[in-house]
Amino acid sequence: MKNFRTYYLAKTFFQECQKVKLSGAAKNQFERAVLSIVLNLAEGSSRSSRKERKRFYEISYGSFKEVQVILELYPTQTATLNSLSDILGAHLYKLWRNT
């Protein structure tokens, strides 16, 4: 995992998202989705077949899109989070589509 830039971006994004204050169902869904991004990248990177890796990267990208929508619905984003979101989204999409 040392050279897996997307994984490290996802970890940083996760840490920044921990600062977002939500409540109720949105908080629970947000926390699960943001954690899913990192966990699916890690699990996908350990798969031996290209097809399996691609499936986990697609799930990770889907979780990322879910996080983006929650952040749009509850506009508590910081400039750091916006910038990280753009970069991570591009990395996830490219990883998923090029695997």
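What follows is calculated from the coordinates using simple rules that are stated; it is not laboratory data. Everything numeric here is computed off the predicted structure, so don't read it as measured data. All Cβ positions, even for glycine, are placed from backbone atoms using ideal geometry, and neighbour counts span all protein chains on display.
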Order by protection proxy (mean Cβ within 10 Å, highest first), peptides 38-49, 15-26: 38-49, 15-26
Lys, Arg +1 and Asp, Glu -1 on Cβ, resulting dipole of the range 1-65 about Cα centre, debye, nearest 20: 180 debye
Cα-based shape type of the chain, given that a ≥ b ≥ c are square roots of the gyration tensor eigenvalues and the cut on a/c is 1.5: prolate
Charge-dipole axis of the range 5-98 as Lys and Arg at +1 and Asp and Glu at -1 on Cβ define it, positive-most pick from Ser45, Leu81, Ala26: Ser45
For the chain, calculated [θ]222 nm from helices alone, where every DSSP H run of n ≥ 4 adds -39500 (n - 2.57): -27500 deg cm²/dmol
Degrees between helix 24-45 axis and first principal axis of the chain (Cα, 0 to 90, nearest 10): 20 degrees
Cβ-Cβ FRET estimate between Asn82 and Leu39, R0 fixed at 22 Å, reported to 0.05: 0.40
Cβ-Cβ FRET estimate between Ser49 and Asn28, R0 fixed at 30 Å, reported to 0.05: 0.35
Efficiency of FRET from Cβ geometry, Asn98 and Lys21, R₀ 35 Å, rounded to 0.05: 0.45
Ranking of Thr80, Thr12 by count of other Cβ atoms within 10 Å, fewest first: Thr80, Thr12
Extension gain from Glu72 to Asn3, taking 0.36 nm per residue of separation minus the Cα-Cα distance: 21.7 nm
